[in-house]
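What follows is calculated from the coordinates using simple rules that are stated; it is not laboratory data. Here the structure is a predicted model, which is why all the values come from computation and not from measurement. Quick reminder, even Gly has a Cβ in these numbers, built from the backbone with ideal geometry, and neighbours come from all protein chains shown.
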Amino acid sequence: MGFGNWHIAVVLSVVNFLTLQYLTPFKREGAGGGSADRRLVIGFFSMRTLLAVVVLVLAGCAEKPAVPAEPAVSVAASVAFTEGPAQGPDGMMYFTDVANNRILRLNPITKKHEVFRADSNRANGLLFDSQGRLIACEGSDGERNQPRVTRTDMKTEKVEELAAKYEGQLFNAPNDVTADAKGRLYFTDPAPDATSPASKAKGATGKPGVYRIDTDGKITRLLTAPDTEWPNGLVISPDDKTLYLIEANKVEGGTRAIRAYDLSADGTLSNRRVHYNFYPGRSADGMAIDVEGNIYAAAGLHRLRGTQETLDTKCGVHVISPAGKLLRFIPVPEDTITNTAFGGTDNKTLFITAGKTLFQIPNGIAGMNR
């Protein structure tokens, strides 16, 4: 509060009160006694002391100079962006560094990592199939213009292209991939938006989509707009009866949730419903699943990032039951959390990619590599 007119009024009132208390009796006694001077001096100093107290109190009520707020820090540069963890048949944990266009692998025993592929064509989500071959979703860039899904023979390191076009058009930027027990692959291909890299694929579909690659190489589009908005991570339940799909639409009112679909024996989807809702916070990005069907979804933010996402979703791994209930929350200290995968000798270690870091935490339930 400021030092205004009402403060001055208080000071004047106090002065008037002290004058009446001390000076008036002194004048009366001074007319007929010798003690007036002594009492006047005592009264004067008492009044001065009280006035000093009043002034100090009122000074404390005065407005203090405003301290400028510290500006919020922002990211000046990012040296890595980890994504797509997947355990290989060699026991190594493979993961992508999208920012630096490479695939890395970590030895969980020695804790040492190395570059597996220096030029990954902007690989994102990874998966190892039942034959130990590496499946990669490659987002590519405007210069190379070759977004695709590939398969690498880990013995020969030969790269085979599984999907590059649909009905004559390129994909936008394949993002994540999962598989069912029959060996069929399912992958997401979100369409570019305001948050996408400036270099977008030329001649691409321009539409979001979820696709299936059959074992004979046939490609089928299962979902497209408006049935999907921004498809991101996906995973299939242990019994092959449910496909879970993350919608990560960052705009106001966009879907930010995990949706569940009935997955039929022929690989088609039906009965769409919301399994877990993250709105208005940041949706999940990627997820893994354990043998009991619980989902381990990487979601949330510590800091806003210029989208319509709020901080309502805590940053970490959200463990969600088959019934859509939150069972557990594992906080992760770094933005931006992206994905999860199981590894270790017993598949009871959960690996988490976030920012520049690959985290790990023991888990009581074994996971599935799909």
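Compactness ratio for the stretch 84-368: Cα radius of gyration over 2.2 N^0.38 Å (N = residue count) comes to 0.91.
In this structure the amide hydrogen of residue 116, modeled in the peptide plane, comes within under 5 Å of the amide hydrogens of 103, 104, 105, none closer than 5 places in sequence on its chain. A simple packing score, the average count of other Cβ atoms within 10 Å per residue, orders the peptides 177-186, 322-331 as 177-186, 322-331, with the highest score first. By the count of neighbouring beta-carbon atoms within 10 Å, fewest first, 279, 94 end up ordered 279, 94. Using θ = phi - 60° in the Karplus curve 6.51 cos²θ - 1.76 cosθ + 1.60, the 3J(HN,Hα) couplings for the stretch 245-256 round to 10, 8, 9, 10, 7, 8, 7, 4, x, x, 6, 10 Hz; x is entered for Gly and Pro. Taking each of 314/356; 182/202; 218/356; 165/200; 200/356 in turn, the alpha-carbon distance tops 26 angstrom for 182/202; 218/356. Straight-line cross-link partners of residue 241 among the aspartates and glutamates, defined as a Cα under 14 Å from its Cα and at least 8 positions apart when in the same chain: 180, 262, 266, 292. Placing +1 on the Cβ of every Lys and Arg and -1 on the Cβ of every Asp and Glu, with nothing else charged, gives the stretch 254-348 a dipole about its Cα centre of roughly 320 debye. For residue 122, the residues whose modelled amide H falls within less than 5 Å of its own, excluding neighbours fewer than 5 places apart on the same chain, are 140. Across the stretch 234-241, coupling constants 3J(HN,Hα) worked out from phi with the 6.51/-1.76/1.60 Karplus curve, θ = phi - 60°, read 8, 7, 10, 5, x, 8, 6, 9 Hz, and Gly and Pro carry x. Within straight cross-link reach of residue 155, meaning Cα distance under 20 Å, which aspartates and glutamates are found once same-chain residues fewer than 8 apart are removed? Of all the aspartates and glutamates, those that pass the test against residue 155 - Cα under 20 Å, at least 8 places apart if same chain - are 90, 114, 119, 129. With neighbours defined as other Cβ atoms within 10 Å of a residue's Cβ, the residues 130, 283 order from fewest to most as 130, 283. Taking other Cβ atoms within 10 Å as a rough exposure proxy, 263, 245 sort from fewest to most as 263, 245. Close amide H contacts of residue 355 (hydrogens built in the peptide plane, cut-off under 5 Å, sequence separation of 5 or more or a different chain): 82, 336, 337, 338. Phi angles of the stretch 354-368 translate, via the Karplus equation with coefficients 6.51, -1.76, 1.60 and θ = phi - 60°, into HN-Hα couplings of 7, x, 9, 10, 10, 9, 8, 8, x, 9, x, 10, 5, x, 10 Hz per residue; Gly and Pro are given as x.
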